[in-house]
1. Could you check how many residues of the range 35-60 are away from ligand 2 (no atom under 12 Å from the Cβ) and either in a helix (DSSP H, G or I) or modelled with pLDDT of 95 or more (or both)?
2. So is Val71 closer than 30 Å to Lys156 by Cβ, β-branched (Val, Ile, Thr) and within 16 Å of ligand 1 (Cβ to nearest atom) or not?
3. Would you be able to tell me the number of residues in the range 135-174 that are of a type in the set (Ser, Thr, Tyr) and on the phi > 0 side of the Ramachandran plot?
4. Looking only at the range 146-170, count every residue that is in contact (Cβ under 8 Å) with a residue 60 or more places away in the chain and loosely packed, with under 13 Cβ neighbours inside 10 Å and tell me the total.
5. Looking only at residues in the range 97-133 that are surrounded by fewer than 17 Cβ atoms within 10 Å (Cβ to Cβ) and near ligand 3 (Cβ under 8 Å from one of its atoms), which one is farthest from Ser51 (Cα to Cα)?
6. Report, by residue number, each residue of the range 136-167 that is touching a Leu at 6+ places or on another chain (Cβ under 9 Å), under 12 Å from Asp92 (Cα atoms) and hydrophobic (A, V, I, L, M, F, W, C).
7. Select from the range 90-103 the residues that are over 13 Å from Ser140 (Cα atoms) and not polar (S, T, N, Q) and list them in ascending order.
8. Taking the range 171-194, which residues are part of a loop (DSSP other than H, G, I, E, B) and either within 8 Å of ligand 4 (Cβ to nearest atom) or in contact (Cβ under 8 Å) with a residue 24 or more places away in the chain (or both)?
Amino acid sequence: MKGVKLLWIGFVFFLATGLMVSSHLNGVYAGSIVGTKHDLSIRSWGAGSGSNQICIFCHTPHNARTDLPEVPLWNHGTTTTNFNLYTSPTLDATVGQPNGASKACLSCHDGTVGLDVFGEKASSPHTIGAGRFNLGTDLSNDHPISFTYDAALAAKDKGLYAPVGADKVVEGIPLYYGKMECSSCHSVHDNTNQPFLRHTNVGSALCLKCHIK
Ligand code: HEC
Ligand code: HEC
Ligand code: HEC
Ligand code: HEC
């Protein structure tokens, strides 16, 4: 009888430690940039590029760049590409050249600026390379970005939810200065919903946060 009781106590203890270990791992990795594709410190050239830090590739606490004031303490080389923009006969939005948070993404994802060009560094051979991670300088085949998304646009389109404010469509889906940017769909620091999505897209749930379809 005593033996069985001890076994049970042991089993419960085993479960509890298991849960503690996994929730600790969640605390470190889920909702974090650590160990994701945006953690450039773990690249073979990462530390050799001048830093073993993670944030430094994109932000610095001091002497930040001034060419992308919409992104806090921006430290990465900024793209100067003049992009080919999305158009369509049914588009209601007025799409402009990528700005703010989107220009930050494209500073690596258009393939023109080295990944480890940060701080004072002017160039590097480590660009993102050809393939699906490289959006290139032609955005005409990508979801439109860098346009004002407000109640007027929703009323005109008739197939969109009106944003609840200039800073978000709904909770968890941000707008930047009233505009839709890459970061309205993507969370650059958090790969819980791969690939870096603001919300799971199972059943196109992310799309349905904005589109009434
Ligand atoms: C690959 C580039 C990149 C890396 C690396 C990165 N960030 Fe960011 N971060 C951005 C961009 C772009 C924005 C602005 C757009 C947005 O909010 O998504 C931003 C916004 C922020 C903001 C303001 C908005 C918010 O989410 O609170 C904070 C704070 C921040 N980053 C902190 C950090 C810290 C701390 C690290 C390192 C652990 C880090 N970032 C690493 C690109 C990066
Ligand atoms: C400092 C450079 C840098 C910046 C800035 C940057 N990225 Fe990335 N991103 C990368 C690299 C490198 C990869 C991985 C490419 C590879 O593996 O070949 C990547 C991968 C991704 C992926 C694919 C992830 C996957 O698992 O498939 C997404 C999505 C992405 N980035 C979105 C963004 C968005 C959105 C922004 C801006 C908010 C951004 N990135 C800013 C460097 C950057
Ligand atoms: C309307 C939402 C939305 C916007 C805006 C958006 N993305 Fe994405 N992005 C996605 C989704 C969803 C996926 C995953 C596609 C898949 O699984 O096939 C994705 C995938 C990616 C990937 C991985 C490669 C791939 O093709 O799967 C990269 C890199 C990326 N996005 C970068 C960006 C950048 C940079 C911007 C802004 C210029 C941006 N995205 C704007 C929704 C968006
Ligand atoms: C953050 C809100 C938001 C999310 C999330 C979003 N969209 Fe959009 N989408 C818009 C807005 C706003 C427009 C501009 C509509 C217009 O002006 O006609 C648009 C435009 C489009 C267009 C082009 C419409 C046209 O008339 O040319 C398509 C197609 C589209 N989205 C599909 C998607 C898909 C697929 C997803 C999910 C992967 C998605 N969207 C996610 C807000 C969003």
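The values are calculated or read from the model by the stated rules, or taken from the named source; none is laboratory data. Small disclaimer: the values here were computed from a predicted structure and weren't measured. A quick note on method: Cβ atoms are made from the backbone with ideal geometry, for glycine too, and the neighbour counts reach across all protein chains shown.
1. Qualifying residue count for the region: 3.
2. Values: closer than 30 Å to Lys156 by Cβ: yes; β-branched (Val, Ile, Thr): yes; within 16 Å of ligand 1 (Cβ to nearest atom): yes.
Yes: the conditions hold for Val71.
3. In the first step, residues of the range 135-174 are kept if they are of a type in the set (Ser, Thr, Tyr); the result is 137, 140, 146, 148-149, 161.
Still in the running and on the phi > 0 side of the Ramachandran plot: 146.
Here the count works out to 1.
4. Within the range 146-170, residues that are in contact (Cβ under 8 Å) with a residue 60 or more places away in the chain and loosely packed, with under 13 Cβ neighbours inside 10 Å number 1.
5. Arg132
6. The answer is Phe147, Leu153, Ala154, Leu160.
7. Residues of the range 90-103 over 13 Å from Ser140 (Cα atoms): 90, 92-94, 99-103.
Listed by number, the residues that qualify are Asp92, Ala93, Gly100, Ala101, Lys103.
8. Residues of the range 171-194 that are part of a loop (DSSP other than H, G, I, E, B), as a first pass: 171-172, 175, 177-178, 181, 187-192, 194.
If the condition is that a residue be part of a loop (DSSP other than H, G, I, E, B) and either within 8 Å of ligand 4 (Cβ to nearest atom) or in contact (Cβ under 8 Å) with a residue 24 or more places away in the chain (or both), then Gly172, Leu175, Tyr177, Gly178, Glu181, Val188, His189, Asp190, Asn191, Thr192 are the ones that fit.
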